[in-house]
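Reading through the structure tokens given below for one structure.
The values are calculated or read from the model by the stated rules, or taken from the named source; none is laboratory data. Because the structure is a prediction, the values reported are computed rather than measured. Every residue, glycine as well, gets a Cβ built from its backbone with ideal geometry; the counts of neighbours run over all protein chains shown.
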Amino acid sequence: MSAKKSGFKSKLDPADDAPELTQEWFARADLYRGGKLVRRGRPLGSGTKELVSLRLDKKALAAFKATGPGWQSRINDTVVRSARRLAAK
């Protein structure tokens, strides 16, 4: 059996296939604007809401979803109004 020769030629130098990790490299790794570090990823929440798992009636959920985008906020508003009424009793 004869071996197949690959037509792919690597442009990497096997002796130096990764950059040297110097202090200068690490200093450039973070993004700064006006001397302030720009945080990456999803922005932090306001801290006023808590993630919960909640089971809702299918019909009730469908009714909120049918009102379009923002249905989760409308559910939250409804729960807040109900909580105020309960607290007032």
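Each residue in the range 29-83 was checked for being surrounded by fewer than 10 Cβ atoms within 10 Å (Cβ to Cβ), under 30 Å from Pro19 (Cα atoms) and within 24 Å of the chain's Cα centre (by Cα), and 8 of them qualify.
Kindly evaluate Ser53 against the criterion of being in a loop (DSSP other than H, G, I, E, B) and at pLDDT 90 or above. Yes; evaluated as a whole, the condition is true for this residue. Among residues of the range 54-81 that are without any contact (Cβ under 8 Å) to a residue 24 or more places away in the chain, those with a beta-carbon under 8 Å from a residue that is among the charged types (D, E, K, R) and part of a helix (DSSP H, G or I) at least six positions away or on a different chain give the pairs Phe64/Arg74; Thr67/Arg74; Trp71/Lys65.
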